[in-house]
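Contents: one structure, followed by commentary.
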Amino acid sequence: MIQFHSVSLAYQKDATALQNISCKVAKGEFVFLTGPSGAGKTTLLRLIYGALNPTRGQVLIDGQNISRFSRSQFPFLRRSIGVVFQDFKLLQNRTVFENVAITLEVLGWDRGDISKRVMYILRQMGMESKIHLIPQRLSGGEQQRVALARALVNSPKILLADEPTGNLDEANKLQILNIFKEANVKGTTVVVATHDRRLIEQAHYRTIRLQAGELAGDGEASDEVVA
Amino acid sequence: MKSSRNIVKRPTMSHQGASGRMRYFLGRALANIRQNVFVNVVTVGTITLALLIVALFLLLVVNLENAAESWSERVQVTVYFDKELTAQEQTDLKNRIQALPGTVKVGWVGRDEALKRFKGRLKGQETLLEGVRPEILPTSFEIALKKSSRSSEAVEAYVARLKMVPGIGEIQYGEEWVRRFNTFLTFMRLVGALVGGFLLIAVVFIVSNTIRLTIYARRDELEVMSLVGATRLFIKMPFLIEGLVQGLAGGLLSLILIVLIYQLFLHNAGNFLTFNPVTSGLAFLPVEFMLGLVAVGALLGVTGSLTSLRRFMADS
């Protein structure tokens, strides 16, 4: 589903963010992307949803070489990828419902269908009683669940998460992890970038480790903890 | 979940038609205005004030032009004759002069009329006129010129043509006055164009920067929309419609304000500000200027939004 072939990326001439990365994530896989701050986790995720272009090498998503995409092709790629962030990136002047509905409005869905689908996903997230609230009125865990609802509402092929539990307490972390697992069980390929060891230990999934922009390890969580 | 997957893959998208899309964009733009009232009030206020300054400047220009035109009506050519012309001679000459390009009107001033005017000018000093009989005054033709023939060069060219007319008398047209008046007009127009140009640049700068700040404040919206796969047009359209609405609102408000200012303060200003000695009182903007003001507002709103979006979307 996701393939990196000798990918390098430099923001400036002598500031290399990623160096010769090659790896594959299969369809339906759950992968943790770990490493210290500044290791290149976020950069790798941004390459997947086309917010950045590699300086060298190729990125293939679902068989398509997105390094050769024109600017107008990226929106269509992003419709099959859900993304969540540590800071949630919710629109503060819109309600919970409206924040989630954006994804379907972009796809041109009918208002009635949007309403049904958004309510369905928010019920799954346990947020059905807060649809008319604005994000500021919600706790961190609730905001992340809304962000997840927005990312998952159109059942994307890939779900990317950049430090999704960075601002959350233990109980909320577990709840968010369970949502990732559920999405994965339903067929979504999940890539979670995190440096939270406890989160990785709680779920025994493949872990790709980055160190100073280079691939430093790839294996089961237990191996990585030892490494 | 299986059933919901079917919904996701549903091929028909009910409002993908052009009108459905437009309805969505319009609805989104109006919702954005409702959700960002303060920002919109600030933007509309800025556009209104900026256009109001432009409107006041235009009002000044229109009235100065009116004044200049009425002053330029004083540019006339007079042909004096020592002798009284016969009716036949008068008609012949009048017809010939009338046929010259640039002539608007030719008026005959006979000796009696000349004396009457002379008396009018010397009101209060009638004793000076004792013994003056009409016979000693010259008769004349007074020629009013077309607007396009009132510049120094045009008047000179006209006079040269007039001299060719057989039987013509002594020609006077106040060369010095015409020359000075035209220099003054050219100077005023140059100053007007310069001030107007600077004003326009300032207005464009202020309005586009205000819009840029308001869009900058909502750059997270651009980012989120782009993240969920919205095309650039889909992201831009509601903002452009919002810009259009802001521009139209600003244009209309500035128009209402200029009408109010004119009615309350300037309408009667002619009593003490005699810009235009003929009509007295200030003229209001012509309809095309009013429409232009609203159109400029709309244009500013749309282009301001477009350039700002281009800048911020390139970053995202």
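The values are calculated or read from the model by the stated rules, or taken from the named source; none is laboratory data. Because the structure is a prediction, the values reported are computed rather than measured. Using ideal geometry, Cβ is built from the backbone for each residue, glycine included, and neighbour counts are taken over all protein chains shown. Accessible surface is based on the protein model in full, side chains and every heavy atom, while ligands, DNA and RNA are left aside. Shrake-Rupley method; radii C 1.70, N 1.55, O 1.52, S 1.80 Å.
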Exercise for review: Taking the residues in segment B:137-190 that are polar (S, T, N, Q) and in a helix (DSSP H, G or I) as candidates, determine which candidate is surrounded by the fewest Cβ atoms within 10 Å (Cβ to Cβ).
Suggested key: B:S148
Review point. From the residues in segment A:31-55 that are over 16 Å from A:A161 (Cβ atoms) and not small (G, A, S), which one is farthest from the other protein chains (Cβ to nearest Cβ)?
Key: A:P36
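Yes or no, residue by residue, for (1) in contact (Cβ under 8 Å) with a residue 12 or more places away in the chain; (2) among the β-branched types (V, I, T); (3) under 17 Å from B:G229 (Cβ atoms):
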position: A:A101; (1), (2), (3): yes, no, yes
position: A:G112; (1), (2), (3): no, no, no
position: A:K116; (1), (2), (3): no, no, no
position: A:I131; (1), (2), (3): yes, yes, no
position: A:Q143; (1), (2), (3): yes, no, no
position: A:V146; (1), (2), (3): yes, yes, no
position: A:A151; (1), (2), (3): yes, no, yes
Check your understanding: Name the residues in segment A:155-192 that are in a loop (DSSP other than H, G, I, E, B), over 23 Å from A:L138 (Cα atoms) and out of contact with any strand residue (DSSP E or B) (no Cβ under 6 Å at 6 or more places or on another chain), would you?
Key -> A:S155, A:K157, A:K186, A:G187
Study note, to complete from the structure: Residue pairs qualifying under the 8 Å Cβ cut-off, at least six apart or on distinct chains, with the first in segment B:80-107 being of a type in the set (D, E) and the second being open to solvent by 20 Å² or more (accessible area, probe 1.4 Å) and outside any helix (DSSP H, G or I), are B:D82/B:P138; B:D82/B:G169; B:E89/B:G167; B:D92/B:G167
Practice item. Mind counting the residues in segment A:88-116 that are within 10 Å of chain B (Cβ to nearest Cβ), open to solvent by 30 Å² or more (accessible area, probe 1.4 Å) and out of contact with any Leu (no Cβ under 8 Å at 6 or more places or on another chain)? Key: 7
Review point. Of all helices (runs of 4 or more DSSP H) completely enclosed by segment B:1-110, which ones contain at least 2 residues that are at pLDDT 85 or above and surrounded by 13 or more Cβ atoms within 10 Å (Cβ to Cβ)?
Key: B:18-35, B:37-72, B:87-99
Check your understanding: Scanning segment B:111-127 for residues that are of a type outside the set (D, E) and over 25 Å from B:K83 (Cβ atoms), which turns out least open to solvent (accessible area, probe 1.4 Å)?
Key -> B:G124
Check your understanding: Limited to segment A:155-182, what total is found for residues that are open to solvent by 10 Å² or more (accessible area, probe 1.4 Å) and out of contact with any Asp or Glu (no Cβ under 7 Å at 6 or more places or on another chain)?
Key -> 17
Review point. If you check A:T34, A:T55, A:T42, A:T16, which single one turns out to be touching a helix residue (DSSP H, G or I) at 6+ places or on another chain (Cβ under 7 Å) and of a type in the set (S, T, Y)?
Key: A:T34
Exercise for review: For segment A:150-169, state whether one or more residues are out of contact with any helix residue (DSSP H, G or I) (no Cβ under 6 Å at 6 or more places or on another chain), of a type in the set (D, E) and under 25 Å from B:R218 (Cβ atoms).
Suggested key: yes
Exercise for review: Name every residue in segment A:120-151 that is in a loop (DSSP other than H, G, I, E, B), away from every other protein chain (no Cβ under 11 Å) and open to solvent by 50 Å² or more (accessible area, probe 1.4 Å), in order of residue number.
Suggested key: A:H132, A:L133, A:S139
Point to revise | Subset of segment A:152-191 (residues that are away from every other protein chain (no Cβ under 14 Å), within 15 Å of the chain's Cα centre (by Cα) and among the acidic types (D, E)) | key: A:E163
Practice item. Could you tell me which of the residues A:H195, A:H204 is without any contact (Cβ under 8 Å) to a residue 24 or more places away in the chain, open to solvent by 60 Å² or more (accessible area, probe 1.4 Å) and not in a helix (DSSP H, G or I)? Key: A:H204
Check your understanding: Mind checking whether some residue in segment A:56-64 is modelled with pLDDT of 90 or more, assigned to a helix (DSSP H, G or I) and either open to solvent by 30 Å² or more (accessible area, probe 1.4 Å) or more than 14 Å from every other protein chain (Cβ to nearest Cβ) (or both)?
Key -> no
Review point. So which of A:L133, A:L168, A:L160, A:L152 is of a type in the set (A, V, I, L, M) and under 20 Å from A:L44 (Cβ atoms)?
Key: A:L160
Check your understanding: Restricting attention to segment A:11-51, which residues are over 14 Å from A:L215 (Cα atoms), modelled with pLDDT under 90 and part of a strand (DSSP E or B)?
Key -> A:Y11, A:Q12, A:A15
Study note, to complete from the structure: Within segment A:174-192, residues free of Cβ contacts under 8 Å to residues at least 24 places away in the same chain and of a type in the set (A, V, I, L, M, F, W, C) come out as A:V185
